[in-house]
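Student: This is the structure, below, for whatever I ask next.
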Amino acid sequence: MTIEKLTEASESALADINAVNNELHEGRVGTLADLNALLADENATMVVAKDGEKIIGLATLYMLQKIGKRGGYIEDVVVDSGYRGQGIGEKLVREVLSIAREKKADTVYLTSRPIHAAAHNLYKKVGFNVKETTVFTIKL
């Protein structure tokens, strides 16, 4: 099993990403254009866990420059259910945190649904603290 930045889009990578991501976001299907756009974005880094050539986990870091602050946002940390419990999620999160440090982030944020207790334990283990906040969304 390896952890690496995804640098090239392909149909097989997309199929693996969609399969793994479906465990977190049921019914969400990305396109090759979506993946190419993400990989071309200098403020986004997708890190994947691979078993051979098969992508079995992922995490994405987005960087955002603010006035007086540079923040990182981790999205879509997910590991294929058949591979959970092996420390892969922790390796993915630690890798994106390392990249955030390289990119000079002051703070890194992530959100997680209350039902993901195992993920919450992982985030606390690597040093995240729970922040009291209310998240608002609007569908456009």
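Quick note: the coordinates plus some simple rules give every number you see, no bench work behind them. Here the structure is a predicted model, which means the values were calculated and not measured. Neighbour counts are summed over all protein chains in view; Cβ atoms, including those assigned to glycine, are modelled from backbone coordinates with ideal geometry.
Student: For Y109, list long-range residues whose amide hydrogen, built 1.01 Å from N in the peptide plane, is under 5 Å from its own amide hydrogen.
Tutor: The answer is G72, Y73, I74.
Student: Say the cut-off is 20 Å between C-alpha atoms; which of K66/K91; K91/K125; K50/K124; K50/K125; K69/K104; K5/K54 go over it? Please list the in-between numbers first.
Tutor: Values: K66/K91 28 Å; K91/K125 12 Å; K50/K124 24 Å; K50/K125 23 Å; K69/K104 10 Å; K5/K54 14 Å.
Exceeds cut-off: K66/K91; K50/K124; K50/K125.
Student: Which order do the peptides 55-68, 118-131 come out in when sorted by mean C-beta neighbours inside 10 angstrom, highest first?
Tutor: Details: 55-68: 17.4, 118-131: 12.4.
For the peptides 55-68, 118-131, the packing ranking is 55-68, 118-131.
Student: A follow-up question, please. Below 8 Å between Cα atoms, with a sequence gap of 6+, how large is the relative contact order for region 2-125 in percent?
Tutor: Relative contact order of region 2-125: 23 percent.
Student: Report the extension gain between K125 and D106 in nm, rounded to one decimal, defined as 0.36 nm multiplied by the number of residues separating them, less their alpha carbon distance.
Tutor: Values: separation 19, 0.36 × 19 = 6.84 nm, distance 1.93 nm.
My answer for the length gained is 4.9 nm.
Student: Let me know the shape class of region 77-134, please: from the alpha-carbon gyration tensor, a ≥ b ≥ c as square roots of the eigenvalues, rounded when a/c is under 1.5, otherwise prolate if a/b is greater than b/c, or oblate.
Tutor: Details: a/c = 2.28, a/b = 1.19, b/c = 1.92.
Cα axes put region 77-134 in the oblate bin.
Student: When the helices in the chain are scored as -39500 (n - 2.57) per DSSP H run of 4 or longer and the sum is shared across all residues, what 222 nm value do you end up with, to the nearest 500 deg cm²/dmol? Before the final figure, lay out the partial values.
Tutor: On the way: 4 runs with 44 residues, N = 140.
Using -39500 (n - 2.57) per qualifying helix, the result is -9500 deg cm²/dmol.
Student: Among V47, L35, V96, whose Cα lies farthest out toward the positive end of the dipole of the chain, if unit charges sit on the beta carbon of Lys, Arg (+1) and Asp, Glu (-1)?
Tutor: Among V47, L35, V96, the one farthest towards the positive end of the dipole of the chain is V96.
Student: On each of the three principal axes of the Cα atoms of region 2-125, give max minus min coordinate, whole Å, ordered largest first.
Tutor: Here the Cα extents, ordered largest to smallest, are 40, 33, 27 Å.
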